[in-house]
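The values are calculated or read from the model by the stated rules, or taken from the named source; none is laboratory data. Please read all numbers here as calculations on a predicted model, not as lab measurements. Cβ: placed from backbone, ideal geometry, glycine included. Neighbour counts: every protein chain shown.
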Amino acid sequence: MNRIYMIMVCGVMLLPNLAWGQFSKRLLEEIAGYIHKGDAAGISKYLDASVYLLLPDDVSENFSKDLSKIKINDFFRANPVSSFTLTNHKEPIKDDQPIHYALGKLITTDGVHYKVHMKLKKANQSYQLQEFAVTEDTL
């Protein structure tokens, strides 16, 4: 009886982490799909009201959601995406640590390689991008 109780308690304790894992995977796959398509409007659904933005050949600073969307769109127009792959991500260990990081590799149609860094933070019941950085990957 004690063994069954322990299994049930451990299962209940792990459920929030499993739920986050499934949620974060879906969320990151959706954002990655928008990046792969060069879809700034799609990405903007996840932008926070203020976003730290770092793009090649541009000023890096905090911008409003609307201006961030414009700048990301300008980047994609100047650098059409050939492919984008998520390479790594760090999930929060506990629910009280509401920050999630993700890294990806973007390749343009011109063959230029970029690293993409994203920081998502939990706000209310959703996660929003607070940082979006694209830097050239010197391989």
Inset, instruction - May I ask you to list the residues in segment 61-77 that are in a helix (DSSP H, G or I) and aromatic (F, W, Y)? - result: F75, F76
Legend entry - Index of the failed condition, A41 passing every other in (1) part of a helix (DSSP H, G or I); (2) of a type in the set (A, V, I, L, M); (3) surrounded by 13 or more Cβ atoms within 10 Å (Cβ to Cβ); (4) modelled with pLDDT of 95 or more: (3)
Legend entry - segment 78-88: number of residues that are surrounded by 14 or more Cβ atoms within 10 Å (Cβ to Cβ) and either assigned to a helix (DSSP H, G or I) or not aliphatic (A, V, I, L, M) (or both): 3
Inset, instruction - Take the residues in segment 104-139 that are surrounded by 15 or more Cβ atoms within 10 Å (Cβ to Cβ) and either of a type in the set (A, V, I, L, M) or part of a loop (DSSP other than H, G, I, E, B) (or both), then tell me which one is modelled with the lowest pLDDT. - result: L120
Legend entry - V59 more than 16 Å from K25 (Cα to Cα), out of contact with any strand residue (DSSP E or B) (no Cβ under 7 Å at 6 or more places or on another chain) and among the β-branched types (V, I, T): yes
